[in-house]
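Participant: Right, I'll just put the structure down here and ask away after.
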Amino acid sequence: MRARTFHRSPSRAVCRRGAADTDGRPVAHRLALTTVAATFVLILFGGRKAPMNPWNSNTLEWTAPSPPPHLNWGAHVPTVYRGPYEYSDPDAREDFLPQTQAPVGAGARRH
């Protein structure tokens, strides 16, 4: 009994559908990679820089410069006047009230 072997005849090596699939894939792949690379370069070197605290967060880490120096703030360590998630203070004019902003009024406390 003969062993099973695969034999590909030259007439079946190229069929219409297979040739179209293999010819189109490298072109689409190169186009996709070029698009991703171009987008990456444009994002990396183009566009405007984000502000220091783009989301108006009250937490302390948004007061550190970017890139941060040694120990995050360098020689000047900020003073903290309130907790990180204290929003809607009735004495404040707006909801954005960072931890480093000194409180207004007689009820001032330090954490």
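The values are calculated or read from the model by the stated rules, or taken from the named source; none is laboratory data. Predicted, not measured: the structure shown is a model, and the values here were computed from it. A quick note on method: Cβ atoms are made from the backbone with ideal geometry, for glycine too, and the neighbour counts reach across all protein chains shown.
Participant: Among the numbered criteria (1) hydroxyl-bearing (S, T, Y); (2) in the same structural domain as L97 (by TED's automatic domain parsing); (3) more than 30 Å from Q101 (Cβ to Cβ), which one does T35 miss?
Facilitator: Condition not satisfied by T35: (2).
Participant: Need the failing condition index for I43 against (1) part of a helix (DSSP H, G or I); (2) surrounded by 13 or more Cβ atoms within 10 Å (Cβ to Cβ), just the number.
Facilitator: So I43 meets the others, but not (2).
Participant: I need the full set of residues from segment 65-93 which are of a type in the set (A, V, I, L, M, F, W, C) and within 23 Å of V104 (Cα to Cα), in order please.
Facilitator: Filtering segment 65-93 down to residues of a type in the set (A, V, I, L, M, F, W, C) leaves 71, 73, 75, 77, 80, 92.
Selection gives V77, V80, A92.
Participant: In segment 29-52, how many residues are modelled with pLDDT under 85 and hydrophobic (A, V, I, L, M, F, W, C)?
Facilitator: Qualifying residue count, segment 29-52: 1.
Participant: Only one residue in A20, A3 is over 30 Å from P98 (Cα atoms), assigned to a loop (DSSP other than H, G, I, E, B) and either among the acidic types (D, E) or modelled with pLDDT under 85 (or both). Which one? Give the derivation first.
Facilitator: Working: A20 fails: assigned to a loop (DSSP other than H, G, I, E, B).
Of the residues listed, the single one that is over 30 Å from P98 (Cα atoms), assigned to a loop (DSSP other than H, G, I, E, B) and either among the acidic types (D, E) or modelled with pLDDT under 85 (or both) is A3.
Participant: Also, I was wondering about something else. Spot the failing condition for P68; the list is (1) outside any loop (DSSP other than H, G, I, E, B); (2) modelled with pLDDT of 85 or more; (3) surrounded by 11 or more Cβ atoms within 10 Å (Cβ to Cβ), and only one is missed.
Facilitator: Unmet condition: (1).
Participant: While we're on this one: Please state which one of Y81, Y87 is touching a residue at least 24 places away in the same chain (Cβ under 8 Å), loosely packed, with under 14 Cβ neighbours inside 10 Å and either out of contact with any strand residue (DSSP E or B) (no Cβ under 6 Å at 6 or more places or on another chain) or charged (D, E, K, R) (or both). If you could, list the steps in order and put the result at the bottom.
Facilitator: Values: Y81 fails: loosely packed, with under 14 Cβ neighbours inside 10 Å.
Being touching a residue at least 24 places away in the same chain (Cβ under 8 Å), loosely packed, with under 14 Cβ neighbours inside 10 Å and either out of contact with any strand residue (DSSP E or B) (no Cβ under 6 Å at 6 or more places or on another chain) or charged (D, E, K, R) (or both) holds for just one of Y81, Y87, which is Y87.
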